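Below is one structure, written out as structure tokens, with a few remarks after it.
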Amino acid sequence: MAADLYTSLSNEFIVPTNKDIGATARKDGENPCTYLCGNSLGLLSKTSSTLVQEELHAWGTRAVTGHFSHPQNRPWTKCCEPLYPLLGELAGANEIEVACMGTLTNNLHLMMDSFYKPTVTRYKILCEAKAFPSDQYAFTSQALARGLDPATAIIEISPREGEFTLREEDILETIDKEGDSIALVIFSGIQYYTGQWFPIESITKKAHEKGCICGWDLAHAVGNVPLSLHAWNVDFAVWCTYKYVNSGPGGIAGLFIHEKWHETEKPKFAGWWGHELATRFDMPPTFSPIKGAQGFQQSNPSAITVASLLGSLRVFKAAGMMKSVRERSLLLTAALEKMLKASKYFVSPSPQREKETKPGFTIITPSEPSQRGAQLSLLFFPLGSETMRTVFAYLSANGVIGDEREPDVIRLAPAPLYNTLKDCEHAAEILEKALESVA
Ligand SMILES: *Cc1c(COP(=O)(O)O)cnc(C)c1O
């Protein structure tokens, strides 16, 4: 197994070269860079590239008739159909519970429109503090749209003093204490900044015990960790597909609505693509939705982004889906963590670090593997200094691609489909030199 980690799980991926990615300090410009940024934008697979080319060809040769007759038998009226079994498998859901549509923030609003139903006594939204900004804007604007004051309608849970991540017991206790006034509990599956994987099943269970709806933003979780949304009894979930799922920038997004809601929760903002396929093109004046999540579709999807996503999902399938992906991910991330902790600049996380004056870093992602996915978030000291930015520039110039999150964090994520142990070793080595250059 150890030897395998030096070979990619899938040879499908096109890794940018050092030269193309702007690694100016590298002499080997034609060599692939060390790409550890699949948490932000996954790489292009050859299958996605081929399928997108096929779609362009279909457009060029079939034009409007491509809606019904397609050279690869993926007529655009039904182009999402091959996705459902694969998306279902990835999300741990039945096909009827998933849809492939729109973008993440759009879908978040759509789901909140349906599932956030404030009453006089039960009107609050419970979420993690410092959620991804788009989610914060969505929560705030949803509260405002219902005539509520976000200052009282939104409860944010923060880590304890001196800690970086949330404790499960604190989340559950808050739901217990405040649940009667909470309409919607909504967290990210994996926190984008800290990399913490929240216990989705136990939070959902506790929310239900208190009569709350529980929804999830799985942007950083899908394609990263195994999910069982149906079995976990999640009410709804939304995600994008361009991070670990590798569908390409702005790729078409996904959503999940648990089967238990399919009878009662009908689409509130209907569009023709949510109408039953059998009669859609008869152009009937009355909306008759597809049963399940796909009834929430509004517009005809971009066939090009759908093809790209289909390619990515086929790559997951060929690699053995989340079972193999997670198995490898656990090994790669643990290996990277071990190398980073061996650095002479590594310091263990503690409240005293606030006052740290020497250049160095700690890891704020939980060290417990069941509480994280692929990503490790490195926090640089002294806080608020130039250390993080200097290190980040050094890494980039040397072809190690992570991403920076202000104020002091760099995220590195070995994506199990294409990263190798060599990528981790190289990143750790360059990071050490980067810190030497600061110190
Ligand atoms: C990446 C990400 C987004 C991005 O939203 P888009 O609508 O796809 O632009 C939103 N929320 C979270 C938690 C994310 O990680």
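Here the stretch 270-301 is the region considered, the condition is being in a helix (DSSP H, G or I) and not aromatic (Phe, Trp, Tyr), and the residue that is surrounded by the fewest Cβ atoms within 10 Å (Cβ to Cβ) is ALA278. Exactly one residue out of LEU383, LEU340 is of a type in the set (A, V, I, L, M, F, W, C), surrounded by fewer than 16 Cβ atoms within 10 Å (Cβ to Cβ) and closer than 16 Å to THR194 by Cβ, and it is LEU383. Could you check the stretch 66-101 and list, in sequence order, the residues that are open to solvent by 40 Å² or more (accessible area, probe 1.4 Å) and over 22 Å from MET321 (Cβ atoms)? If the condition is that a residue be open to solvent by 40 Å² or more (accessible area, probe 1.4 Å) and over 22 Å from MET321 (Cβ atoms), then HIS67, PHE68, SER69, PRO71, GLN72, ASN73, LYS78 are the ones that fit.
Which of the following residues is farther than 30 Å from TRP261 by Cβ and within 16 Å of the ligand (Cβ to nearest atom): GLY102, GLY66, GLY38?
Working: GLY102 fails: farther than 30 Å from TRP261 by Cβ; GLY66 fails: within 16 Å of the ligand (Cβ to nearest atom).
Checking each option against the conditions leaves just GLY38.
Mind checking which residues of the stretch 234-251 are among the hydrophobic types (A, V, I, L, M, F, W, C) and more than 10 Å from the ligand (Cβ to nearest atom)?
Residues of the stretch 234-251 that are among the hydrophobic types (A, V, I, L, M, F, W, C), as a first pass: 234, 236-240, 245.
If the condition is that a residue be among the hydrophobic types (A, V, I, L, M, F, W, C) and more than 10 Å from the ligand (Cβ to nearest atom), then VAL234, PHE236, ALA237, VAL245 are the ones that fit.
For residues that are surrounded by fewer than 18 Cβ atoms within 10 Å (Cβ to Cβ) and on the phi > 0 side of the Ramachandran plot, tally how many sit in the stretch 102-143. The qualifying residues number 1. None of THR105, THR119 is without any contact (Cβ under 8 Å) to a residue 40 or more places away in the chain and among the hydroxyl-bearing types (Ser, Thr, Tyr) except THR105. Answer yes or no: is there a residue in the stretch 195-208 that is of a type in the set (Gly, Ala, Ser), in contact with an Asp or Glu (Cβ under 6 Å, 6 or more places away or on another chain) and within 15 Å of the ligand (Cβ to nearest atom). No, every residue in the stretch 195-208 fails to be of a type in the set (Gly, Ala, Ser), in contact with an Asp or Glu (Cβ under 6 Å, 6 or more places away or on another chain) and within 15 Å of the ligand (Cβ to nearest atom). Do you know which residues across the stretch 144-170 are touching a residue at least 40 places away in the same chain (Cβ under 8 Å) and open to solvent by less than 50 Å² (accessible area, probe 1.4 Å)? Result: GLY162, THR165. The residue that is farthest from TYR242 (Cα to Cα), among those in the stretch 390-439 that are small (Gly, Ala, Ser) and in a helix (DSSP H, G or I), is SER437. State whether the residues of the stretch 403-414 include one that is open to solvent by 30 Å² or more (accessible area, probe 1.4 Å) and among the aliphatic types (A, V, I, L, M). Checked the stretch 403-414: no residue is open to solvent by 30 Å² or more (accessible area, probe 1.4 Å) and among the aliphatic types (A, V, I, L, M). Name the single residue, out of those in the stretch 211-228 being hydrophobic (A, V, I, L, M, F, W, C) and assigned to a strand (DSSP E or B), that is most open to solvent (accessible area, probe 1.4 Å). For the stretch 211-228, the residue satisfying everything is ILE213. Residue under question is GLY311, and the condition is that it be within 16 Å of the ligand (Cβ to nearest atom), open to solvent by less than 20 Å² (accessible area, probe 1.4 Å) and either under 30 Å from CYS424 (Cα atoms) or within 21 Å of the chain's Cα centre (by Cα) (or both); does it hold? No. Picking from residues in the stretch 182-210 that are of a type outside the set (A, V, I, L, M) and in contact with a Cys (Cβ under 8 Å, 6 or more places away or on another chain), the one that is surrounded by the most Cβ atoms within 10 Å (Cβ to Cβ) is PHE187. Which pairs do you get when a residue that is free of Cβ contacts under 8 Å to residues at least 12 places away in the same chain, found in the stretch 414-439, comes within reach of a residue that is of a type outside the set (Ser, Thr, Tyr) and part of a helix (DSSP H, G or I), reach meaning Cβ atoms under 9 angstrom, with the pair 6+ apart or on two chains? These pairs meet every condition: GLU429/MET339.
The values are calculated or read from the model by the stated rules, or taken from the named source; none is laboratory data. Small disclaimer: the values here were computed from a predicted structure and weren't measured. Quick reminder, even Gly has a Cβ in these numbers, built from the backbone with ideal geometry, and neighbours come from all protein chains shown. Surface areas here come from the heavy atoms of the whole protein model, side chains and all, with no ligands, DNA or RNA. Shrake-Rupley method; radii C 1.70, N 1.55, O 1.52, S 1.80 Å.
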